[in-house]
Amino acid sequence: MGGKKKPTISQLAKKEAKEKEQVEKKGKGKGKAAEEAVKKVVATVPAELYDQITKDIKGMDYVTTYIISSKYGLKMGAATRVLNDLAKKGELVLVSKGHRMSVYTPVERARKLGLIQ
């Protein structure tokens, strides 16, 4: 029982220093990868990004909150609001809704599938 002992303060400091060194070594070798690792997550959606999402969605087969969140660096709540707004405007059709996830499809795709007329 009991479990593993907690590390001492000096052990934590050493571990932290090693991790920083590894991150710096990786960052020097791959400049672009280091920039991607520090991706900024946006809570509110700027108008330019909203327009870009609207354009990109038209070419997709289906859209979920996670897809929008990961592709554009938005928080999940902001991505949900964007998708709900686009559905209200009539650019997306709700295909399936569960407890945690909603699946949308563009109107053109929904017509091809026979979901709407």
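The values are calculated or read from the model by the stated rules, or taken from the named source; none is laboratory data. This is a predicted model, so every value here is computed, not measured. Methodologically, a virtual Cβ is constructed for each residue, glycine included, from the backbone with ideal geometry; neighbour enumeration extends over all protein chains shown.
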Candidates Lys30, Lys26, Lys15, Lys4 - the one that is of a type in the set (D, E, K, R), surrounded by 10 or more Cβ atoms within 10 Å (Cβ to Cβ) and at pLDDT 85 or above: Lys15
Given the structure, is Leu74 aliphatic (A, V, I, L, M) and either without any contact (Cβ under 8 Å) to a residue 12 or more places away in the chain or more than 25 Å from Gln117 (Cβ to Cβ) (or both)? yes
Can you name every residue in region 76-106 that is crowded, with 17+ Cβ neighbours inside 10 Å, under 18 Å from Asp51 (Cβ atoms) and of a type outside the set (Ser, Thr, Tyr)? Ala78, Ala79, Val82, Leu83, Leu86, Leu92, Pro106
Restricting attention to region 54-73, which residues are of a type outside the set (Ser, Thr, Tyr), farther than 18 Å from Met101 by Cβ and either surrounded by 11 or more Cβ atoms within 10 Å (Cβ to Cβ) or not assigned by TED's automatic domain parsing to the domain that holds Ser96 (or both)? Asp56, Lys58, Gly73
